[in-house]
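Heads up: the structure comes next, in structure tokens.
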Amino acid sequence: SEEVQETVYAAGGLAVAVRGPRNWAEHPQGAAVAGHPLLALDRTGDAPARTLPPAPARPAEGLRVLDLTRVIAGPVATRTLALLGADVLRVDSPRLPESQAAHSDTGFGKRSTVLDLGAPADRAAFEELLATADIVVTGYRPGALDRHGLAPEALIERRPGLIVAQLSAWGPYGPWGQRRGFDSLVQAASGIAAIEADRDGHPGALPAQALDHGTGYLLAAAVLR
């Protein structure tokens, strides 16, 4: 299973070996994850004062959010911010197909647009949006957006005081820090699939994408903090 996992990954695919909780705890990535907090908040510097509406009806009212996430976890975070009053604009690439069901489910309260950040006109439009944003939320693997000038440090340099919220499957550290992933793969790798196995020992799964949804709510809480 380890050989298949690494062969698929080397070919650009996604696969993980199913492990039990003890096996994951002993794996280098499992150990790296265990050594870090679930949420990390890093202060990067001071920012100009931001005037928000007095006595807002909802806690995120007056905040502008650029949503650079896909599928479930990140979009749940930004949907939560939208329902709490934030002005959220989801930005998708025309090059990446998206599940319409997931897009519809997580799109409440948001607006959405398609921008190709490799095209000069679209990039200029994004920079105009960034100039008035308070929060940018990203849900791509660590480093995936850096080539577009969207690393946290680069964003904050252009927009001092910006809150940059990031999530990824495995965290930005350890031997899998640059790997892509999603809820079901994390269940398989971390021992959840083994715990949920049937009587014959076939790996199972949680009845919902609970890791995705839980991560989304935690990220929204971190943004509000």
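Structure summary
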{"read-out": "Within the range 38-51, tally of residues that are open to solvent by less than 80 Å² (accessible area, probe 1.4 Å) and modelled with pLDDT of 80 or more", "value": "2"}
{"read-out": "Test: residue in the range 186-193 that is without any contact (Cβ under 8 Å) to a residue 12 or more places away in the chain and over 22 Å from Glu61 (Cα atoms)", "value": "no"}
{"read-out": "Tally of residues being closer than 24 Å to Leu145 by Cα and of a type in the set (A, V, I, L, M, F, W, C) across the range 42-71", "value": "6"}
{"read-out": "Check on Arg64, touching a residue at least 60 places away in the same chain (Cβ under 8 Å), within 19 Å of the chain's Cα centre (by Cα), under 18 Å from Tyr140 (Cα atoms) and surrounded by fewer than 24 Cβ atoms within 10 Å (Cβ to Cβ)", "value": "no"}
{"read-out": "Residue check for Pro54: closer than 23 Å to Pro142 by Cα and open to solvent by 60 Å² or more (accessible area, probe 1.4 Å)", "value": "no"}
{"read-out": "Qualifying residue in the range 149-171 (condition: modelled with pLDDT of 90 or more, closer than 24 Å to Ala32 by Cα and in a helix (DSSP H, G or I))", "value": "no"}
{"read-out": "Residue in the range 78-94 that is nearest to Phe126 (Cα to Cα), counting only those that are part of a helix (DSSP H, G or I) and open to solvent by less than 10 Å² (accessible area, probe 1.4 Å)", "value": "Thr78"}
{"read-out": "Test for Arg225: is it in contact (Cβ under 8 Å) with a residue 12 or more places away in the chain, of a type in the set (Lys, Arg) and crowded, with 17+ Cβ neighbours inside 10 Å", "value": "no"}
{"read-out": "Near pairs, Cβ below 8 angstrom, 6+ apart or cross-chain, from the range 9-28 (over 16 Å from Gly181 (Cα atoms)) to any residue that is assigned to a loop (DSSP other than H, G, I, E, B)", "value": "Gly20/Gly191; Pro21/Gly191; Arg22/Gly191; Asn23/Gly191; His27/Arg19; Pro28/Gly174; Pro28/Pro175"}
{"read-out": "Filter result (within 25 Å of Glu128 (Cβ to Cβ) and not β-branched (Val, Ile, Thr)) within the range 10-55", "value": "Gly45, Asp46, Ala47, Pro48, Ala49, Arg50, Leu52, Pro53"}
{"read-out": "Filter result for Gly161 (in contact with a helix residue (DSSP H, G or I) (Cβ under 9 Å, 6 or more places away or on another chain) and within 26 Å of Arg79 (Cα to Cα))", "value": "no"}
{"read-out": "Selection within the range 124-181 - basic (Lys, Arg) and either open to solvent by less than 20 Å² (accessible area, probe 1.4 Å) or in contact (Cβ under 8 Å) with a residue 24 or more places away in the chain (or both)", "value": "Arg141, Arg158, Arg159, Arg179, Arg180"}
{"read-out": "Residue count for the range 172-197, restricted to those that are aromatic (Phe, Trp, Tyr), under 25 Å from Asp116 (Cα atoms) and at pLDDT below 90", "value": "0"}
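The values are calculated or read from the model by the stated rules, or taken from the named source; none is laboratory data. Since the model is a prediction, treat every value here as computed from it, not as a measurement. Quick reminder, even Gly has a Cβ in these numbers, built from the backbone with ideal geometry, and neighbours come from all protein chains shown. Heads up: the accessible areas ignore ligands, DNA and RNA and are worked out on the full protein's heavy atoms, side chains in. Shrake-Rupley method; radii C 1.70, N 1.55, O 1.52, S 1.80 Å.
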